[in-house]
Amino acid sequence: MKNYLIIVLLISFISCKKDKKNETPSLKEEPKEITFDESKYVLDSTFAIGDARRYGLTAENAKSSHPTSGKNRMTTVIDLAEESGMEINFPSGYYGMNLTLDNRKNLKLRFNNSEFSNVSISQGAKENSIPENITLKGTLNLYGRLGLTEAKNISIDSVILKTDTAKNLYKMRNTGCHIYHGCDNIKINYLEVQDLGSGSEKYKYTHAALAIDGWNNNPQNVTINKLYIKSTDRHGIYLTGSDHIIKEVVIDKFGVGSAKEMDGMQDADNKKGEHKEFTALWLNKCYDCYIEKITINEKDSKGKYTAFFDYGDESRPSEIDQMIILNDNPSIKIKKDSNARVVVNEMSNN
């Protein structure tokens, strides 16, 4: 049996977060009348307004030039979405490219099991615009990474990260979801990571299936309704920052790969090699965060720790309502820093 954790004092913090805990990421918006003239973008008027095919975009020709803009058709359609404010509907299929939304604002895009290598929502250089007010509806299938940096007010419906090296532009396994420095108010309804990779220098910065971190500018207000990690070679979740809510987590398998060529991690004690001690759930400098239910299966896992409750703040503890360990492996421990501040309300081992 895992040792029960010492529950920190100041339980009163729980009540002030009840309303936020009960929220579910919502992508519903009131319809708005579109008055933008999109005629210069139209290549096939048989498709409805807002259908990407109306503007000549399909999965097969996304990289082809648009005859009006001179840019590729994917960039042109995203330009249209940003300029007009209309929701653009992307057909299914493998697009053979990254979906790059860096520096974009006020986008509403809908996907239908559309497939890309990476999705990037980033500021890039400091002089560039911060990406904000972006809504991605429907289901995205990715073969690389979902990455956000300095992004604000982002709502994502469903992302499934898969491994298929033929569809990954860099011929790699998938490298998970990374929500990095400066991010605020990120909402994801469903996130699935099927197979996080490792094994070479290519995976130098691949640390966890879900990594939420950023030195001295850690993310705030990340809400995930459901997170399913089917298998990760390295850590399952590395969580830093404040006011995050994850309602349901399932981790089937963690720590099954290699730390070879792996770089250090933000806010970790890398000199002690903590970053290479694979953990299902690692909370570090994590303040006022809440996980409603997490289930960790240790049957085929090879990580060192079920959980690592690292540095915290007594005045801003984090809370796990229910923690379930399946196929409890006595050699996989729970590690707790002397400054850890985590409330675990219920723990069970099977």
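For segment 246-259, which residues satisfy the criterion of being surrounded by fewer than 23 Cβ atoms within 10 Å (Cβ to Cβ), closer than 13 Å to Ile291 by Cα and among the hydrophobic types (A, V, I, L, M, F, W, C)?
If the condition is that a residue be surrounded by fewer than 23 Cβ atoms within 10 Å (Cβ to Cβ), closer than 13 Å to Ile291 by Cα and among the hydrophobic types (A, V, I, L, M, F, W, C), then Val250 is the only one that fits.
Would you pick out the residues in segment 298-345 that are among the β-branched types (Val, Ile, Thr) and part of a loop (DSSP other than H, G, I, E, B)?
Within segment 298-345, the subset among the β-branched types (Val, Ile, Thr) is 306, 320, 324-325, 332, 334, 342-344.
Correct list: Ile332 only.
Can you tell me which of Tyr180, Tyr190 is of a type in the set (Phe, Trp, Tyr) and farther than 18 Å from Val250 by Cα?
Values: Tyr190 fails: farther than 18 Å from Val250 by Cα.
Of Tyr180, Tyr190, the one residue that is of a type in the set (Phe, Trp, Tyr) and farther than 18 Å from Val250 by Cα is Tyr180.
Exactly one condition in (1) in contact with a Phe, Trp or Tyr (Cβ under 7 Å, 6 or more places away or on another chain); (2) of a type in the set (A, V, I, L, M); (3) under 22 Å from Glu346 (Cα atoms); (4) buried (at least 21 other Cβ atoms within 10 Å of the Cβ) is not met by Met265; state its number.
(3)
Quick check: anything in segment 149-158 farther than 20 Å from His244 by Cβ, assigned to a strand (DSSP E or B) and of a type outside the set (A, V, I, L, M)?
For segment 149-158, residues farther than 20 Å from His244 by Cβ, assigned to a strand (DSSP E or B) and of a type outside the set (A, V, I, L, M): absent.
Of the residues Thr76, Thr135, Thr100, only one is surrounded by fewer than 18 Cβ atoms within 10 Å (Cβ to Cβ) and β-branched (Val, Ile, Thr); which?
Thr100
Mind listing just one residue for me: the one in segment 138-181 that is within 19 Å of Met265 (Cβ to Cβ) and of a type in the set (S, T, N, Q) and, of those, surrounded by the fewest Cβ atoms within 10 Å (Cβ to Cβ)?
Thr149
Please pick out the residue among Tyr238, Tyr170 that is part of a loop (DSSP other than H, G, I, E, B), in contact (Cβ under 8 Å) with a residue 40 or more places away in the chain, out of contact with any Gly (no Cβ under 6 Å at 6 or more places or on another chain) and of a type outside the set (Lys, Arg). Write out each step before concluding.
Working: Tyr238 fails: part of a loop (DSSP other than H, G, I, E, B).
Selected residue: Tyr170, the only one of Tyr238, Tyr170 that is part of a loop (DSSP other than H, G, I, E, B), in contact (Cβ under 8 Å) with a residue 40 or more places away in the chain, out of contact with any Gly (no Cβ under 6 Å at 6 or more places or on another chain) and of a type outside the set (Lys, Arg).
Please list, ordered by first then second residue, the pairs with beta carbon atoms under 8 Å, 6 or more apart or interchain, first in segment 59-80 and over 20 Å from Lys108 (Cβ atoms), second of a type in the set (Lys, Arg) and surrounded by fewer than 21 Cβ atoms within 10 Å (Cβ to Cβ).
Filtered contacts from segment 59-80: Ser65/Lys71; Thr68/Lys40; Asn72/Lys63.
In segment 308-336, which residues are touching a strand residue (DSSP E or B) at 6+ places or on another chain (Cβ under 9 Å), surrounded by fewer than 16 Cβ atoms within 10 Å (Cβ to Cβ) and acidic (Asp, Glu)?
Correct list: Asp313 only.
Given the structure, is Lys293 out of contact with any Gly (no Cβ under 9 Å at 6 or more places or on another chain) and either without any contact (Cβ under 8 Å) to a residue 40 or more places away in the chain or assigned by TED's automatic domain parsing to the domain that holds Arg341 (or both)?
Details: out of contact with any Gly (no Cβ under 9 Å at 6 or more places or on another chain): yes; either without any contact (Cβ under 8 Å) to a residue 40 or more places away in the chain or assigned by TED's automatic domain parsing to the domain that holds Arg341 (or both): yes.
Yes: the conditions hold for Lys293.
Just the residues that are in contact (Cβ under 8 Å) with a residue 60 or more places away in the chain and surrounded by fewer than 24 Cβ atoms within 10 Å (Cβ to Cβ), please, taken from segment 182-212.
Step one: list which residues in segment 182-212 are in contact (Cβ under 8 Å) with a residue 60 or more places away in the chain, which gives 187-189, 196-201, 207-208.
Passing the criteria: Lys187, Asn189, Gly197, Ser198, Gly199, Ser200, Glu201.
Just to check your reading of the model, which residue among Lys247, Lys285, Lys276 is assigned by TED's automatic domain parsing to the domain that holds Val344 and within 22 Å of Asp233 (Cα to Cα)?
Within the list Lys247, Lys285, Lys276, the selection yields Lys276.
Quick one: Ala59 ticks every box in (1) more than 19 Å from Ala48 (Cβ to Cβ); (2) not in a strand (DSSP E or B) bar one, so which box is it?
(1)
Looking at Thr279, Thr306, which is the one that is closer than 18 Å to Thr206 by Cα and hydroxyl-bearing (Ser, Thr, Tyr)?
Criteria check complete, one pass: Thr279.
Filter segment 241-280 down to residues that are in a loop (DSSP other than H, G, I, E, B) and either of a type outside the set (A, V, I, L, M) or over 19 Å from the mean Cα position of the chain (by Cα) (or both), then give me how many there are.
We begin by selecting, within segment 241-280, every residue in a loop (DSSP other than H, G, I, E, B); these are 243-244, 252-253, 255-269, 273, 277-278.
With either of a type outside the set (A, V, I, L, M) or over 19 Å from the mean Cα position of the chain (by Cα) (or both) added as a condition, the list becomes 243-244, 252-253, 255-264, 266-269, 273, 277-278.
Looking only at that region, the number is 21.
The values are calculated or read from the model by the stated rules, or taken from the named source; none is laboratory data. This is a predicted model, so every value here is computed, not measured. Glycine gets a Cβ as well: all are built from the backbone with ideal geometry, and neighbour counts include every protein chain shown.
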